[in-house]
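Before any comments, here is the structure.
The values are calculated or read from the model by the stated rules, or taken from the named source; none is laboratory data. Not measured: the values here are computed from a predicted model. Positions of Cβ are backbone-derived with ideal geometry, glycine not excepted, and every protein chain shown enters the neighbour counts. Keep in mind that these areas ignore ligands, DNA and RNA; they rest on the heavy atoms of the full protein, side chains included. Shrake-Rupley method; radii C 1.70, N 1.55, O 1.52, S 1.80 Å.
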Amino acid sequence: MNLDSRVYVAGHRGLVGSAILRRLQGAGYGDLLTRTSGELDLTDAREVDAFFGEERPEYIFLAAAKVGGILANNDYPADFIRENLAIELNVIDAAHRWGVEKLLFLGSSCIYPKFAPQPMREEHLLTGELEPTNRPYAVAKIAGIELCRAYNAQHGTDFVSVMPTNLYGPNDNFDPETSHVLPALLRRFHEARERGEPSVTVWGTGSPRREFLHVDDLADACVFLMERYSGSEPVNIGVGEDVSIAELAEVVGEVVGYEGEVVFDTSKPDGTPRKLLDVGKLSGMGWRAATPLKAGMASTYKWFLANRPVETPE
Ligand code: GFB
């Protein structure tokens, strides 16, 4: 991939897609292609085929997906599997038929088995039962990885898959119910401090452990791999260390400046106890994440304050 390659970033308005677009623009890539979901419905095969025929992208970052936190996955299982399968099948098949040079597919650390050995290596995929709260999403994402592998084997395509850990950063979803834990707690602690609430609730027991990668680091790793890696084995992208949800809540409290009590709501699910990635494969290629958690969280909080929906007084 070079600076005048025609690069399509699918899902450019989302957390991952917007970071990849920022990274490519910053590096001087001059022929970038984007479409909003209103302009192009990636779940519609005919629309996708017409788009590929007109625009002829050469490289594709497939960051478009239906994503959400543990409750969203629990509440809308059919949407998560249907939309993600449709997007993957349409884009990967069209990429082959229209002779795309290379495609990078985004998997996720939550598609590894619920009790995979920790830290999880790429070969642990499909070696055990999945976490029930997001199994539909996980099966769809595993299908995407298998689509890339099968097209590479049968058609000689160059479609690679990456497995990012839990992500955070600008353009994340901060909705209290459907978001992931880090943005959800940033917003909840912020509102608790603004309203002078004596305590703030964190879901679950606080004991699950999670690894957090800033999305700008992920974008950098995706461009790094698009330029240097070919193969059908997925590549983990993470920071190589994790924190408990309770420890995360402490850091959120420090960043937001909230000093009230943290209460754990054990009626909410914990999900997978731990999902730390083994990042040996990627670090062996010479890439490491650059953003420490507290610094990344502080910059994300600043972004949230500048972009949060202004609360209209009743
Ligand atoms: O971030 P999260 O929703 O996703 O939950 P997963 C992580 C942990 O944070 C769980 C706890 O143990 C939650 O119980 N948690 C505490 C909270 N407070 C909150 C809160 O206010 N909101 C949320 N959302 N969690 C997701 C998958 O699993 O990982 C997705 O469901 C996706 O498919 C994502 O792949 C990367 O890390 O448990």
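Would the stretch 99-113 turn up any residue that is open to solvent by 20 Å² or more (accessible area, probe 1.4 Å), without any contact (Cβ under 8 Å) to a residue 12 or more places away in the chain and closer than 30 Å to D4 by Cα? Yes: the stretch 99-113 contains one or more residues that are open to solvent by 20 Å² or more (accessible area, probe 1.4 Å), without any contact (Cβ under 8 Å) to a residue 12 or more places away in the chain and closer than 30 Å to D4 by Cα. Taking the criterion of being open to solvent by less than 30 Å² (accessible area, probe 1.4 Å) and either within 16 Å of the ligand (Cβ to nearest atom) or part of a loop (DSSP other than H, G, I, E, B) (or both), the residues of the stretch 280-303 that qualify are W287, G296, M297, T300, Y301. For the stretch 136-191, the set of residues classified as among the β-branched types (V, I, T), in a helix (DSSP H, G or I) and in contact (Cβ under 8 Å) with a residue 60 or more places away in the chain consists of I145, V181, listed by residue number. The number of residues in the stretch 152-193 that are surrounded by fewer than 18 Cβ atoms within 10 Å (Cβ to Cβ) and within 15 Å of the ligand (Cβ to nearest atom) comes to 6.
Scan the stretch 238-295 for residues that are more than 18 Å from A116 (Cβ to Cβ) and of a type in the set (D, E, K, R) and the total you get is 9.
Applying the selection to the stretch 117-132, what residues are hydrophobic (A, V, I, L, M, F, W, C), open to solvent by 10 Å² or more (accessible area, probe 1.4 Å) and under 20 Å from H180 (Cβ atoms)? Show your work before the answer.
Applying the first criterion (hydrophobic (A, V, I, L, M, F, W, C)) to the stretch 117-132 yields 120, 125-126, 130.
In the following step, the residues that additionally are open to solvent by 10 Å² or more (accessible area, probe 1.4 Å) were identified as 125-126, 130.
Across the stretch 117-132, the qualifying residue is only L130.
Of the residues E146, E131, E123, the single one that is acidic (D, E) and within 14 Å of the ligand (Cβ to nearest atom) is E131. If you scan the stretch 240-252, which residues turn out to be within 14 Å of the ligand (Cβ to nearest atom) and either open to solvent by 10 Å² or more (accessible area, probe 1.4 Å) or part of a strand (DSSP E or B) (or both)? Result: D242, V243, S244, I245, A246, E247, E250, V251.
So if I check each of L89, L71, L32, L15, which one is within 15 Å of the ligand (Cβ to nearest atom), closer than 26 Å to L225 by Cβ and open to solvent by 20 Å² or more (accessible area, probe 1.4 Å)? Lay out the reasoning, then the answer.
Working: L89 fails: within 15 Å of the ligand (Cβ to nearest atom); L71 fails: closer than 26 Å to L225 by Cβ; L32 fails: within 15 Å of the ligand (Cβ to nearest atom).
Going through L89, L71, L32, L15 in turn, the sole match is L15.
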